[in-house]
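Trainee: Here it is: the structure, laid out below.
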Amino acid sequence: MWGLSQAQASLLVQLQMGHILLIEFLHHISKVDSPQCPHCRMGNESMHHFLFECQAWASELLLMGQELSHEASSAQHILNNPDGMESLMRYVGRTKWFMAITPGDVQ
């Protein structure tokens, strides 16, 4: 899938489907008590929160924003276009939140 590793492609599909191991989803399936983001505690850790709002990842989000310019605010672009997906994988690697993806796995 567009030159992505198996781990990256799996993560991308999970993000596209909204079935990813973020706290809000884990709360929805009764695996955790609260949907609150464990990193910034400023909202529920949804896909939107992780991709656009989490203050714990502010510097990483800023880098993704610089890479994608005005497209950085579009989940559609980030999840479905090669340049968006590449930037997304770098962002995920920098956060280290999904340990299956590392910065070295992106390059």
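The values are calculated or read from the model by the stated rules, or taken from the named source; none is laboratory data. These numbers come from a predicted model, not from an experiment. Reconstructed Cβ throughout: ideal geometry from the backbone, glycine too, with neighbour counts over all protein chains shown.
Trainee: Among the listed residues 61, 4, 11, 26, identify the single one that is in contact with a Pro (Cβ under 9 Å, 6 or more places away or on another chain), surrounded by 15 or more Cβ atoms within 10 Å (Cβ to Cβ), among the hydrophobic types (A, V, I, L, M, F, W, C) and modelled with pLDDT under 95. Break it down stepwise before answering.
Mentor: Numbers: 61 fails: in contact with a Pro (Cβ under 9 Å, 6 or more places away or on another chain); 4 fails: in contact with a Pro (Cβ under 9 Å, 6 or more places away or on another chain); 11 fails: in contact with a Pro (Cβ under 9 Å, 6 or more places away or on another chain).
Checking each option against the conditions leaves just 26.
Trainee: Now a separate question. Inspect all residues belonging to the range 11-21 and state whether any of them is in a loop (DSSP other than H, G, I, E, B) and touching a Gly at 6+ places or on another chain (Cβ under 7 Å).
Mentor: Filtering the range 11-21 down to residues in a loop (DSSP other than H, G, I, E, B) leaves 18-21.
Still in the running and touching a Gly at 6+ places or on another chain (Cβ under 7 Å): none.
Scanning the range 11-21, I find no residue that is in a loop (DSSP other than H, G, I, E, B) and touching a Gly at 6+ places or on another chain (Cβ under 7 Å), so the answer is no.
Trainee: Could you check residue 106 against (1) of a type in the set (A, V, I, L, M); (2) touching a Lys or Arg at 6+ places or on another chain (Cβ under 6 Å); (3) at pLDDT 90 or above and say which number it fails?
Mentor: Here residue 106 meets the rest and fails (3).
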